[in-house]
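We did not get these values from a lab; they are worked out from the coordinates using the rules stated. Since this is a predicted model, take the numbers as computed values, not measurements. Cβ coordinates were reconstructed from backbone atoms using ideal geometry, including for glycine residues, and neighbour counts include every protein chain displayed.
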Amino acid sequence: MMRAFRKAVFWLHLIAGVLGGIVIFIMCVTGAALSFEKNITEYVERGQRFVSVGERRLSAYELLNGVVTARPDSRPSSLLLTDDPAAAAVVALGREGRVFVDPYTGAIKGEGNANVRKFFGLMTDLHRWIGLSGDGRAAGKAITGASNLMFLFLAITGIYIWFPRKLTLRQLTPRLWFKSGLSGKANDFNRHNVVGFWCSLVLMVLTVTAAVISYQWAANLLYTLTGNEAPAAQRSAPSPGPADASPFSVPANIDLLWSSAERHANGAKSISLRLPVTNDAVFTIDEGKSWNIFARSTLTLDAGTGSTVKWDAYADRNSAQKLRSWFRFTHTGESFGIVGQIIGFIACLGGAYLVYTGLSLAVRRFSRWLRGRTKKRHEAAA
């Protein structure tokens with residue numbers, strides 16, 4: 001009975017690997033590349049991101065007005081200031097663009113490294129949507145989402161298949177360590193077992209966190225498991241209308257609004273204001289420091305009076321909301337600093353190698369079956 005069950009699990013594992021292998025390989029390779037996106041981008045842009053500390057920092061109005069004056073056609077979408085006196089202010093221009101601004105002089109330092117950002121943009125497109133764009137992104141997300149769940153299934157069933165029938169040192173050794181002198185199927189099998197064992201736990205964490213990020217049902221399950229009520233389903237955002245051709249206008253009272261946000265921030269890492277400001281001014285206050293890098297609060301102010309409309313403090317959120325935020329940074333490894341990123345990077349490369357060895361084993365099995373079938377036909381014909 002157990003032998004039949006084990007055989008069934010093996011075949012399900014093999015079929016899932018063949019069906020999802022190519023997409024999983026793409027997701028693993030791009031995931032490895034994205035592991036250090038923030039570190040690499042910040043390093044190559046360090047000349048634009050940091051400035052000489054001056055005597056007085058310009059106000060939010062002065063910074064934005066300087067950017068709009070220097071670039072009349074620009075339409076800022078956010079302004080971000082950090083608590084680091086040597087850090088440049090960041091003015092986002094639409095979804096992709098940005099300029100780094102000296103907060104003491106108002107001089108534009110640059111727009112970031114176009115080549116590096118283009119590379120990581122391509123990696124993100126492949127990782128999330130297998131490179132599809134426009135209307136095809138919905139299909140791309142469905143494919144990567146299904147492949148991610150398939151990868152989780154492969155990790156779980158792989159561990160089950162990995163376990164030897166007898167837990168002896170002789171049985172465990174070739175499953176835990178690489179064995180030299182092997183070739184062909186034996187070599188692939190040994191490496192598939194070893195890499196699978198050492199990477200499986202991390203790969204399970206990566207796939208589970210990805211599911212919670214990608215699927216509403218997975219996020220709702222997180223709420224249920226933590227004893228919290230799932231939030232009401234959000235309606236899809238309406239399609240954007242024609243772009244506003246009128247010049248961008250800096251809110252006259254932006255400094256008053258920023259001062260209100262600073263009072264709520266109380267030593268936060270950074271403050272970001274969504275632009276343009278309409279009836280409400282929405283600030284994101286990043287309180288993430290040390291291990292708690294995912295602590296972000298949202299402040300909504302009445303744009304006219306500066307009074308508080310809503311204060312969504314991270315500290316007041318329920319356990320499911322906090323866990324979901326933590327999952328976001330655990331998926332990238334950032335929750336555990338550079339060590340977590342390195343572990344995630346190695347696990348992603350390991351996942352890609354598992355696809356390679358798994359498909360190699362599947363091809364060898366199919367070739368052997370095909371040769372046997374051909375031989376039987378020849379024998380029957382003779």
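Some points to look at:
- Per-q log10 I(q)/I(0), segment 13-135, q = 0.13, 0.18, 0.22 Å⁻¹ (Debye; single scatterer per alpha-carbon; no solvent): -0.64, -0.96, -1.21
- Relative to the longest principal axis of the Cα atoms of the chain, the long axis of helix 137-162 makes an angle of roughly 50 degrees.
- If you sort the three axes of the alpha carbon gyration tensor as a ≥ b ≥ c, you get a/c of 1.5 or more for segment 19-66 and a/b above b/c, which makes it prolate.
- Candidate aspartates and glutamates - alpha carbon under 19 Å from Lys179, same-chain residues fewer than 8 apart omitted: Asp188
- Overall shape of segment 98-200 was characterised from the C-alpha gyration tensor. The equivalent ellipsoid obtained from it has semi-axes of 45, 20, 13 Å, in decreasing order.
- Fluctuation leader among Leu203, Leu167, Leu58 - the chain, Gaussian network, Cα springs under 10 angstrom: Leu167
- C-alpha long axis of helix 184-214 to longest principal axis of the chain, angle in °: 30
- Out-of-range pairs (alpha-carbon distance over 26 Å; input Lys185/Lys376; Lys141/Lys310; Lys109/Lys322): Lys141/Lys310; Lys109/Lys322
- Residue pairs exceeding 19 angstrom between C-alpha atoms, taken from Lys7/Lys375; Lys7/Lys166; Lys118/Lys269: Lys7/Lys375; Lys118/Lys269.
- Cα radius of gyration and Dmax for the chain (Å): 26.3, 96
- Put simply, the amide H of Gly110, placed in the peptide plane, has neighbours under 5 Å in Phe100, leaving out anything fewer than 5 places away on its chain.
- Computed from Cα positions, the angle between helix 319-331 and the longest principal axis of the chain comes to roughly 70 degrees.
- Sum of side-chain charges, Tyr223 neighbourhood, beta-carbon under 14 Å (Lys, Arg +1; Asp, Glu -1): +2
- Estimated Rh, segment 302-354: Kirkwood, alpha-carbon pairs, angstrom: 13.9
- Net +/- balance of residues flanking Phe10 in space, Cβ distance below 11 Å, scoring K and R +1, D and E -1: +4
- Shown here for segment 97-190: chymotrypsin sites (Phe, Trp or Tyr not before Pro) in loop regions (DSSP other than H, G, I, E, B) with at most 14 other Cβ atoms within 10 Å, namely Trp177, Phe178.
- With kT/(6 pi eta Rh) evaluated at 20 °C and eta = 1.002 mPa s, and Rh the Kirkwood radius from Cα pairs, segment 67-127 diffuses with a coefficient of 169 µm²/s according to Stokes-Einstein.
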